[in-house]
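Taking it in order: structure first as structure tokens, then the write-up.
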Amino acid sequence: MQLSARVEYGVRAMMVLALNYEKGLLSIKDIAGEEGISDQYLEQIFPLLKKTYLVESQRGAHGGYRLALEPSEISVGDIMRALEGSLAPTKCVVEEEKGSKGYAGCRHSEACVTRGVWEKLRDHITLFVDNITLADMVNWGKEGNGDCA
């Protein structure tokens, strides 16, 4: 299983904002330059992050983006859901809107054995990514544990 480029680049861009949280607004061009990501690609990502209230923007010559919440309040799971939707590994375990019964896209019975595997995988992924915040990642970088090898 591989994450999409949108998620990878989105998390990296949000890390740049977290690392510069106290400095205020950053332009997409600055964020793109810092991470070696196409600014045109980031221009597609940031509206999704803004729509889910993870970032704020300001227009103008000195405009840009900043985190809408403190880094400790934004999890990797929040970013992933903002950019890709559900964290479910298969359609049969995508939770439907509140108030509806069952699962989206599942045409098999409740007794489906494989669905239990996918539910557990979804739950473990969710627990893991929801317990890592941007602040955690900033701290890992300060401790020297953030190096990509």
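The values are calculated or read from the model by the stated rules, or taken from the named source; none is laboratory data. Remember, it's a predicted structure, so these values are computed and weren't measured experimentally. Here the Cβ positions follow ideal geometry from the backbone for every residue, glycine too, while neighbour counts run over all protein chains shown.
Of the residues in region 35-49, at least one is β-branched (Val, Ile, Thr), in a loop (DSSP other than H, G, I, E, B) and surrounded by 14 or more Cβ atoms within 10 Å (Cβ to Cβ).
Taking the stated definitions as given, is Gly105 under 17 Å from Arg12 (Cβ atoms), more than 18 Å from the chain's Cα centre (by Cα) and either modelled with pLDDT of 85 or more or surrounded by 12 or more Cβ atoms within 10 Å (Cβ to Cβ) (or both)?
Values: under 17 Å from Arg12 (Cβ atoms): no; more than 18 Å from the chain's Cα centre (by Cα): yes; either modelled with pLDDT of 85 or more or surrounded by 12 or more Cβ atoms within 10 Å (Cβ to Cβ) (or both): yes.
In short, no.
Condition check ((1) free of Cβ contacts under 8 Å to residues at least 60 places away in the same chain; (2) under 23 Å from Asn139 (Cα atoms)) across all residues:
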position: Met1; (1), (2): no, no
position: Val11; (1), (2): no, yes
position: Leu25; (1), (2): yes, yes
position: Asp30; (1), (2): yes, yes
position: Gln44; (1), (2): yes, no
position: Gly64; (1), (2): yes, no
position: Pro71; (1), (2): no, yes
position: Leu87; (1), (2): yes, no
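Here is the figure for region 50-92: residues that are at pLDDT 95 or above and part of a loop (DSSP other than H, G, I, E, B) total 7.
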